Amino acid sequence: MSSIEVLAEPAKGGAVPVVDADAAIPGLVWAFRLHSDGRAEPLPINVPIEFSHDGRLWLHFNLTDARARSWLAATDIPSLARELLLSKDNYQQLHTTDHCVYGVFSDLVRDIDAATEETGFLRFAMTERLLISGRHQALCAVDATRRVLEGGHRVETVAALLEKIVDEVADTMDRMADKLGTEIDDIEERILAGEARSEMRGALGRSRRTCVRLHRQLAGLRVLFHRLEQKNTDDLNPALRLQAGRLAQRLDGLDHDIVELRERSRLLEEELRFKMEEESNRHLHALSVVTTLLLPPTLITGIFGMNTKGLPLTDVETGFLWAAALMIGASGLAYLMMRRLGIVR
């Protein structure tokens, strides 16, 4: 689910928080100052940050920290943006005012060393000179953006920084899609080689479930940028205008790839199920043949096992051999009948 809205509010310019300038900002995960040449300078989070500096700021918060939420509640940004930062909305949305862009984007939750399949949400509010973002769980895209900024990547505006975060969301999902594609290719090779195992079907089911989750996440995100592209944003501050068309186009292509992987996994899962059913039918057929071959000897054994007088071969020295030959002959006759009927080949 996603939503987008264009509102009009009084100008906020480069809105800065109304807080104690002599105290460190609580709940900060990291902070960057963006200089006029696009260079990003990491800032220490345990000392006060100067808001009157000419550069632009990116402040990223841990929203599970009650002190951070209290600090954000006092920031001088549009009230709707502030409420969204502090809300628990779990759907993607994007809103604009004349001097502020704010919303919620979904992202993959980051484990210690890799992305997981769990979905988290990044909340943000962006003015001309300030980007405030926050999350409840560690996320992949913002962490990747932090690393590329520390590596020397330059961003000219706060809007370009937000675009970079969206690009990193797409990159994370692209890497996940590549991993899924490799796993599906491997399973397809094994199926074509005649292998059919239950764990392969389970792996395909997990891949398909991951594709569904990624598609749901991408579909909501690309709808936001398609709607933003169609909206009239002439009143929006030029420094806040996002390249919605470019972002939407990239997300469309990635979503198309994810949908293709989902369909491939579904088709392979069906093919694997048919192969497993064929193998099961072959086993049942073999069991039926063996059972049919054993029925005549079982009948003969049952007859000779009756405790009655007048049973044949009871007084013959070679009676057992005759009974055994009779059982073998009966099985042979049953086999010939099944061959004639085409049951066995």
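The values are calculated or read from the model by the stated rules, or taken from the named source; none is laboratory data. These numbers were taken from a predicted model, which means no experiment stands behind them. So basically every Cβ, Gly included, is an ideal-geometry build from the backbone, and we count neighbours across all protein chains shown. For accessibility, only protein heavy atoms count, side chains too; no ligands or nucleic acids. Shrake-Rupley method; radii C 1.70, N 1.55, O 1.52, S 1.80 Å.
Taking the criterion of being surrounded by fewer than 18 Cβ atoms within 10 Å (Cβ to Cβ), among the β-branched types (Val, Ile, Thr), in a helix (DSSP H, G or I) and within 15 Å of the chain's Cα centre (by Cα), would at least one residue in region 189-211 satisfy it? There is no residue in region 189-211 that is surrounded by fewer than 18 Cβ atoms within 10 Å (Cβ to Cβ), among the β-branched types (Val, Ile, Thr), in a helix (DSSP H, G or I) and within 15 Å of the chain's Cα centre (by Cα). Scanning region 253-268 for residues that are over 16 Å from the mean Cα position of the chain (by Cα) and either buried (at least 19 other Cβ atoms within 10 Å of the Cβ) or not in a helix (DSSP H, G or I) (or both) yields one hit, LEU268.
May I ask you to list the residues in region 119-172 that are open to solvent by 10 Å² or more (accessible area, probe 1.4 Å), of a type in the set (Gly, Ala, Ser) and part of a helix (DSSP H, G or I)? Passing the criteria: only ALA160. Does LEU272 satisfy the criteria of being more than 26 Å from THR172 (Cβ to Cβ) and open to solvent by less than 50 Å² (accessible area, probe 1.4 Å)? When the stated conditions are applied, LEU272 passes them. Screening ARG209 on (1) out of contact with any helix residue (DSSP H, G or I) (no Cβ under 7 Å at 6 or more places or on another chain); (2) farther than 21 Å from ASP107 by Cβ shows it passes everything except condition (2).
Conditions tested, residue by residue: (1) at pLDDT 90 or above; (2) open to solvent by 70 Å² or more (accessible area, probe 1.4 Å).
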| position | (1), (2) |
| --- | --- |
| ASN237 | no, no |
| GLY245 | yes, no |
| ASN281 | no, yes |
| ILE300 | no, no |
